[in-house]
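Working notes for the structure below.
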Amino acid sequence: MTAKRVYYSGRVQGVGFRYTTRQIASGFEVTGWVKNLPDGRVEMQAMASDPEELNAFLAALLDRDRGSLIKEHEVAAIPPLTGMRGFSIIR
């Protein structure tokens with residue numbers, strides 16, 4: 001399993017970014033979650049059994065119309081997520 005944490009900054013809150021992320025995730029074999037942070041960024045943690053699948057998911061987020069709202073994104077490898085099924089929005 002390969003897992004990554006991504007922090008997105010820019011105009012990523014109040015524009016449906018989390019919902020779009022969940023919708024895009026449904027087209028990939030990824031598990032994880034996305035949430036708004038108090039500082040205006042969005043945090044996402046996602047994992048996949050195939051590293052290429054995870055990378056394709058992350059690239060799809062940047063390629064969509066929402067990608068133009070993202071000014072910066074920081075990606076870091078993390079340990080695999082445990083106890084996760086599907087992809088959800090954390091409030």
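So, in the range 37-47, how many residues would count as being in a strand (DSSP E or B) and either in contact with a Ser or Thr (Cβ under 9 Å, 6 or more places away or on another chain) or touching a residue at least 40 places away in the same chain (Cβ under 8 Å) (or both)?
Filtering the range 37-47 down to residues in a strand (DSSP E or B) leaves 42-47.
Those still in the list that are either in contact with a Ser or Thr (Cβ under 9 Å, 6 or more places away or on another chain) or touching a residue at least 40 places away in the same chain (Cβ under 8 Å) (or both) too: 42, 44-47.
The qualifying residues number 5.
In the range 51-91, how many residues are out of contact with any Lys or Arg (no Cβ under 9 Å at 6 or more places or on another chain), within 21 Å of S9 (Cβ to Cβ) and among the basic types (K, R)?
Result for the range 51-91: 2.
Looking only at residues that are at pLDDT 95 or above and of a type outside the set (G, A, S) in the range 80-89, which one is surrounded by the fewest Cβ atoms within 10 Å (Cβ to Cβ)?
Taking the candidates together, the pick is I89.
Go through the range 10-20 and give me each residue that's under 12 Å from the mean Cα position of the chain (by Cα) and either more than 14 Å from R91 (Cβ to Cβ) or part of a loop (DSSP other than H, G, I, E, B) (or both).
Hits for the range 10-20 are V12, T20.
What pairs come up if the first residue lies in the range 10-22 and is on the phi > 0 side of the Ramachandran plot, the second is not basic (K, R), and their beta carbons are under 7 Å apart, counting only those six or more places apart or on different chains?
What qualifies is G10/L69; G10/I70; G10/E72.
Conditions first: (1) at pLDDT 95 or above; (2) open to solvent by 50 Å² or more (accessible area, probe 1.4 Å). E43 passes all but one, so which condition is the exception?
(2)
Quick check, is V34 in a strand (DSSP E or B) and either open to solvent by less than 50 Å² (accessible area, probe 1.4 Å) or of a type in the set (D, E, K, R) (or both)? Working first, answer last.
Working: in a strand (DSSP E or B): yes; either open to solvent by less than 50 Å² (accessible area, probe 1.4 Å) or of a type in the set (D, E, K, R) (or both): yes.
Yes, satisfied.
Given the residues I70, I78, which is the only one that is β-branched (V, I, T) and out of contact with any Leu (no Cβ under 8 Å at 6 or more places or on another chain)?
Working: I70 fails: out of contact with any Leu (no Cβ under 8 Å at 6 or more places or on another chain).
Of I70, I78, the one residue that is β-branched (V, I, T) and out of contact with any Leu (no Cβ under 8 Å at 6 or more places or on another chain) is I78.
Return the total of residues in the range 48-76 being modelled with pLDDT of 95 or more, assigned to a strand (DSSP E or B) and open to solvent by 90 Å² or more (accessible area, probe 1.4 Å).
Result for the range 48-76: 1.
Using the structure shown, decide if S49 is in contact with a Phe, Trp or Tyr (Cβ under 7 Å, 6 or more places away or on another chain) and of a type in the set (S, T, Y). Full working, then the answer.
Numbers: in contact with a Phe, Trp or Tyr (Cβ under 7 Å, 6 or more places away or on another chain): no; of a type in the set (S, T, Y): yes.
No.
Return the pairs, sorted by first residue and then second, in which the second residue is assigned to a strand (DSSP E or B) and surrounded by 11 or more Cβ atoms within 10 Å (Cβ to Cβ), the first residue lies in the range 66-91 and is touching a residue at least 12 places away in the same chain (Cβ under 8 Å) and of a type in the set (S, T, Y), the beta carbons are less than 6 Å apart, and the residues are 6+ apart or on different chains.
Hits for this filter: S88/W33.
The values are calculated or read from the model by the stated rules, or taken from the named source; none is laboratory data. Computed from a prediction, not measured in an experiment: that's the story for all the values here. So basically every Cβ, Gly included, is an ideal-geometry build from the backbone, and we count neighbours across all protein chains shown. Calculation scope for accessible area: heavy atoms of the full protein, side chains included, ligands and nucleic acids excluded. Shrake-Rupley method; radii C 1.70, N 1.55, O 1.52, S 1.80 Å.
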